[in-house]
Amino acid sequence: MQRKWDRHEILQLLTLSATLAGLSITALTIFKKHDVDKFAVTIADDILAAVALCFLLATYLFFFSLRTRHSSLAAKLELVGDVIFLVALTGMVATGFIIMYTVW
């Protein structure tokens, strides 16, 4: 039963990280439309691009952790995916603060 619950949690993280990757790309394109402080826009753009890449990488790691038959490899992939997901989430919040305090 425990493995089934873990699988359910990984599936939720998989869909969430894929959604947040798309949201990061959308925010990047919308943020490009504003003509404000170019330095702040460049920093926020770079962070959003890195965040989108991290979310995409986390999505792949979660996917492969679900597909592998080796439980030890699945646990390692899940752990690395969790860390990358949290780093990307922190970067997204940091970008939100940059946008909030420099653009608006």
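The values are calculated or read from the model by the stated rules, or taken from the named source; none is laboratory data. Quick caveat, the model's predicted, so the values are computed rather than measured. For neighbour counting, all protein chains shown are included, and Cβ atoms are generated from backbone atoms with ideal geometry for every residue, glycine included.
Summary table
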quantity	calculated
Filter result for the condition that a residue is in a helix (DSSP H, G or I) and at pLDDT below 95, over L20, L61, L57, L53	L20
In segment 64-78, residue nearest to the chain's Cα centre (by Cα) [restricted to those that are assigned to a helix (DSSP H, G or I) and of a type outside the set (A, V, I, L, M)]	E78
Qualifying residues in segment 84-104 (those that are farther than 14 Å from L53 by Cα, part of a helix (DSSP H, G or I) and without any contact (Cβ under 8 Å) to a residue 40 or more places away in the chain) - the one farthest from the chain's Cα centre (by Cα)	Y101
Test: residue in segment 74-89 that is loosely packed, with under 13 Cβ neighbours inside 10 Å, among the basic types (K, R) and at pLDDT below 95	no
